[in-house]
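Below you'll find the structure, written out as structure tokens, and then a few comments.
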Amino acid sequence: MAIWWRGVRSAAEAANLPAAYSFGRSIRCLHQYETIQAIPREATGRRVSARDRTIGRIPAVVFTQSLLETDASKRGVSRKQLLTADRKQIKSIVDSVGLPFFCSTTFKLQVRAGQGSSSLVESGRVLPLKIHRDEESGKILNLVFVWANDGEQLKVDVPIVFKGLDDCPGLKKGGNLRSMRSTLKLLGPAEHIPSKIEVDVSKLDIADKVLMQEVEFHPSLKLLSKNETLPVCKIVATSPVKEPEAVQA
């Protein structure tokens, strides 16, 4: 039994977004992680993939964003590559970034001619689309990436994290933070896709909430939601504990 972690769907048509400008509080992509090293693979199939895994390689594929467009008339020139990546390196990166944020973080990818080769075939930025893991062991079985070079328009499910919990008035009064959403779907240029979205709850009192339309992110990004007035989180009062009724003798 295996499971797929999904993190992004790409869009072929660029949205009419404003030019990027300084946005101090935006959460930017984490570019400090090491470059993913990969080599081409010519053959496919279960046996080939199983053999790759036995020698410490993870089968992977990189798509161009337009290949994932459901409307065939909008698809661009095919840019699909079959690769294998080093299992130890990928595991190290996933452990460092954290699995929930792996599929919303862009990485530099270098494709070498072969294992141990210094000849560079291709390089660019990629964003993980899916990570295929064994359900029992947790081992990574396959990876799917999308090219995410500057200017590429992507749809990404970005994880939400909450900050300001220690200063939240509602929590200090004994309330609880109720999270209504774990991610927000954003559309925008790859260079501005955040690995996470921070929602500040430091000023929320009991019954206060944060709406989707109130969440801050880079101005070049567009929130994809049919109803932006839905809440992301809310501070709820703790239900009082009922005292047991006295039993009369």
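Worth pointing out:
- Protection-proxy order for peptides 51-58, 174-181, each taking the mean of Cβ atoms within 10 Å per residue, highest first: 51-58, 174-181
- Segment 76-148 versus segment 153-185: alpha-carbon centroid distance in Å: 29
- Listed peptides 166-173, 145-152 appear in the order 145-152, 166-173 once ranked by packing, highest mean of other Cβ atoms within 10 Å at the front.
- Taking the Cα centre of segment 90-169 as origin and assigning +1 to Lys and Arg Cβ atoms and -1 to Asp and Glu Cβ atoms, the resulting dipole is close to 300 debye.
- Taking label positions 7 Å along the Cα-Cβ direction at both LYS185 and SER202, the computed distance is 3.2 nm, reported to one decimal.
- The candidates VAL161, VAL121, arranged from most to least accessible area with a 1.4 Å probe in the full protein assembly, appear as VAL121, VAL161.
- Area accessible to solvent at HIS132, 1.4 Å probe radius, in Å²: 30
- Here segment 149-240 carries DSSP beta bridges of which approximately 80% are antiparallel, counting only pairs with both residues inside.
- If a spin label sat at a point 7 angstrom from the Cα of ALA237 along the line to its beta carbon, the backbone N atoms of segment 201-218 nearer than 19 Å would be those of 204-210.
- Of the cross-linked pairs LYS130/LYS163; LYS173/LYS203; LYS155/LYS226; LYS163/LYS234; LYS173/LYS234; LYS203/LYS226, those separated by over 23 Å at the C-alpha level are LYS130/LYS163; LYS203/LYS226.
- Both radii come from the Cα set of segment 149-240: Rg as radius of gyration, Rh as Kirkwood radius; their ratio Rg/Rh reads 1.05.
- Probe 1.4 Å, accessible area per residue of segment 149-240, Å²: 50
- Accessible area of segment 98-148 belonging to carbon and sulfur atoms, whole % at 1.4 Å probe: 45
- Ligands, DNA and RNA left out, the accessible area of segment 149-240 computed with a 1.4 Å probe is 46% carbon and sulfur.
- Normalised contact order of segment 149-240, rounded percent, pairs of Cα under 8 Å and 6 or more residues apart: 38
- Of LYS222, LYS139, LYS155, the order by accessible heavy-atom surface (1.4 Å probe, DNA, RNA and ligands excluded), from most exposed downward, is LYS139, LYS222, LYS155.
- Segment ASN227-SER137, extension gain: residue separation times 0.36 nm, minus the distance between their alpha carbons: 28.5 nm
The values are calculated or read from the model by the stated rules, or taken from the named source; none is laboratory data. Every value quoted in this text rests on a predicted model; they were computed, and no experiment measured them. Cβ coordinates were reconstructed from backbone atoms using ideal geometry, including for glycine residues, and neighbour counts include every protein chain displayed. When the accessible area is computed, the model is the full protein with side chains, heavy atoms only, and any ligands, DNA or RNA have been set aside. Shrake-Rupley method; radii C 1.70, N 1.55, O 1.52, S 1.80 Å.
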